[in-house]
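The values are calculated or read from the model by the stated rules, or taken from the named source; none is laboratory data. Worth saying up front: this structure is predicted, and the values here are computed from it rather than measured. Neighbour counts run over all protein chains shown; Cβ positions are idealised from the backbone, glycine included. The protein model used for the area step is the full one, side chains on, heavy atoms only, and it has no ligands, DNA or RNA in it. Shrake-Rupley method; radii C 1.70, N 1.55, O 1.52, S 1.80 Å.
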Amino acid sequence: MSLVIVGSVAFDTIETPEDRRERIVGGSCTYSALAASFFTRPKIVGIVGEDFPKETAALMKRRGIDLKGLKIVPGGKTFYWEGRYGDDPNQRDTMRLDLNVFGDFQPNLPPSYRKPDILFLANIGPSLQEHVLSQVARPRLVAMDTIRHYIETEPESLDRVLRKTDIYFANDEEARLMTGERNLIRAGRLLLERGPRLVVLKKGEHGVLVFKKDSLFAFVAHPCDGVVDPTGAGDSFAGAFLGYLDRAGDFRASSIRRAAVYGSVLASFTIEDFGIERLAALKKSDIEGRFAYLKKIASI
Ligand code: AMP
């Protein structure tokens, strides 16, 4: 199978109550592609400026990520985001966002990208997500993610993308914002009525809920006693989830369950260090070890 991911490739400045890092590599596409790369060879669609580190591109290549769809703009500046976390790692404020080269990006997908089995519209403006959707032959599965910023600023185009989506990934805050509903079970069911066949609701350290029309699965998160940097947890979750499905080659309930556990595993690693540091150092054996542990603590 094949997995195409479109999203942001960024420089992030991150502030947590304990520490701060300036201009480290981040972006929804970066995290999700690195997480997916432990299961399959994702193809990415994105744009960066000339300032983007060559070492990061080399790391992605080593991890088997196809960079043909990553445009490098000579003299351009890479997307920049600044986020600040308070004591609750699930709450963050955007302090600054400079679109830079993303401002007028209209991707033209390479021919080898146009028939993906799975298309992941990671967090980026919904009009760009639509533009990418319009360039691919109907994939077997379309998944999407978004954040508060686009829910508040572009609700109409977001709803159009949602209607064409099979799997929608959201965290609890986003699900509440999208539906105006505080109860997450009702919010998940309301979201199902807006298009997706599956709604995956991530609840940070409380695990994940997977909604289908007639069923609901729940999974625990890896118990972690300290978060260094929560950034990218959602993207890593989605990347691993879809990377696993791409490798599995089917979308049966048992594969979806395993995909959700692999999603939790990759997210739990990402938050152990700033930026992509932990993902860059990760081995397959670390992933399988944590998968086995999660299985063990969840069994009855
Ligand atoms: P997550 O923590 O999984 O929600 O995603 C964090 C990543 O999203 C960061 O690395 C940012 O670079 C990226 N990001 C933040 N705001 C935006 C935005 N408005 N559009 C696209 N990507 C963004």
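When Ile276, Ile271 are checked against the criterion of being within 14 Å of the ligand (Cβ to nearest atom), modelled with pLDDT of 95 or more and touching an Asp or Glu at 6+ places or on another chain (Cβ under 7 Å), a single residue qualifies: Ile271. Of the strands (runs of 3 or more DSSP E) lying entirely inside the range 1-41, those containing at least 3 residues that are at pLDDT 95 or above and open to solvent by 20 Å² or more (accessible area, probe 1.4 Å) span 20-26. If you go through the range 168-192 and keep only what is within 24 Å of Asp250 (Cα to Cα) and either in contact (Cβ under 8 Å) with a residue 40 or more places away in the chain or loosely packed, with under 15 Cβ neighbours inside 10 Å (or both), you end up with just Phe169.
Out of the residues in the range 212-254 that are charged (D, E, K, R) and either assigned to a loop (DSSP other than H, G, I, E, B) or within 16 Å of the ligand (Cβ to nearest atom) (or both), which is surrounded by the most Cβ atoms within 10 Å (Cβ to Cβ)? First the steps, then the outcome.
Taking the range 212-254 first, the residues charged (D, E, K, R) are 212-214, 225, 229, 235, 246-247, 250, 252.
Those still in the list that are either assigned to a loop (DSSP other than H, G, I, E, B) or within 16 Å of the ligand (Cβ to nearest atom) (or both) too: 213-214, 225, 229, 235, 250, 252.
On the way: Lys213: 9, Asp214: 5, Asp225: 5, Asp229: 26, Asp235: 31, Asp250: 10, Arg252: 11.
This residue is Asp235.
Among the residues of the range 44-65, those that are part of a strand (DSSP E or B) and surrounded by 22 or more Cβ atoms within 10 Å (Cβ to Cβ) comprise Ile44, Val45, Gly46, Ile47, Val48. How many of the residues in the range 150-181 are within 13 Å of the ligand (Cβ to nearest atom), under 19 Å from Phe237 (Cβ atoms) and not aromatic (Phe, Trp, Tyr)? Of the residues in the range 150-181, 6 are within 13 Å of the ligand (Cβ to nearest atom), under 19 Å from Phe237 (Cβ atoms) and not aromatic (Phe, Trp, Tyr).
The set of residues in the range 74-131 being within 15 Å of the ligand (Cβ to nearest atom), open to solvent by 70 Å² or more (accessible area, probe 1.4 Å) and closer than 23 Å to Lys164 by Cα is empty.
Is it the case that Gly49 is of a type in the set (Gly, Ala, Ser), within 16 Å of the ligand (Cβ to nearest atom) and modelled with pLDDT of 95 or more? Criteria met by Gly49.
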